[in-house]
Amino acid sequence: MTGTWQILPAATAETLAPQITAAFRHWHEACFRDSQAAHPHLGVELRDLRAVTGWWLGHLLTPIALYRICIPTAIPAVPLPSGWTAAERAAHPCLALGPLLALSVPGLIGQGHLHYLCELGHFLLQPEVQGLRRYPDADAVFAAWGQVLSFRQQTRANLEKQQQCDRRAFLRRLMPTPKDSPL
């Protein structure tokens, strides 16, 4: 059975942010409140919610993990996998991560896990930080993730610089130097 993506009606960041946090508070309480993986002192917090082409993107902290959340503003071109209609998922809300989907989402590196909550419809989650018990508070979790992002950016910059040097060395071998000139 193929289902249709359920998406939220048009929203603003001011109306959507509290809707996301309320939905995930309810989800956590209903499904993971007593989980050993849950950090007992962390709540649900959404940061950096912004609209990009066809999606709402943000960083969602729950007591279980820090996620990249991607909520479509239009029905994606990828069909829903079997078992993922709104009616099927509403009957089984306590799944931590659904199947991986490869969708073109600006700002999302790799794939995202399909998820469904009645209050939000279908969306993607990408775990960013798990095992949160080692962090004292939400700011420490976000700071750790910020360090990961800084490291990645520096690594990419170093690789790009190395590629430029490699290209220059290759081109130097192809171009004659003044001492190689026949004159």
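The values are calculated or read from the model by the stated rules, or taken from the named source; none is laboratory data. As the structure is a prediction and not an experimental result, all values here were calculated from the model. All accessible areas refer to the heavy atoms of the entire protein, side chains included, with ligands and DNA or RNA removed. Shrake-Rupley method; radii C 1.70, N 1.55, O 1.52, S 1.80 Å.
What the table below lists for this structure:
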quantity: 5 angstrom amide H check on Val52, placed H, neighbours 5+ away; calculated: Leu57
quantity: Per-residue ³J(HN,Hα) for the stretch 105-111, Karplus 6.51 cos²θ - 1.76 cosθ + 1.60, θ = phi - 60°, Hz, x for Gly and Pro; calculated: 10, x, x, 9, 9, x, 10
quantity: Which of Glu29, Glu45, Glu128 is most accessible, then next, and so on - probe 1.4 Å; calculated: Glu29, Glu45, Glu128
quantity: Residue-by-residue Karplus 3J(HN,Hα) for the stretch 12-23, coefficients 6.51, -1.76, 1.60, Hz, glycine and proline x; calculated: 10, 4, 5, 8, 7, 4, x, 5, 5, 5, 5, 4
quantity: Probe 1.4 Å, accessible area per residue of the stretch 85-147, Å²; calculated: 47 Å²
quantity: Heavy-atom accessible area ranking, 1.4 Å probe, most first, across Tyr135, Tyr67; calculated: Tyr135, Tyr67
quantity: For Gly98, residues with placed amide H under 5 Å, excluding near neighbours; calculated: Leu114
quantity: Accessible area (Å², per residue) of the stretch 1-81, counting only protein heavy atoms and a probe of 1.4 Å; calculated: 50 Å²
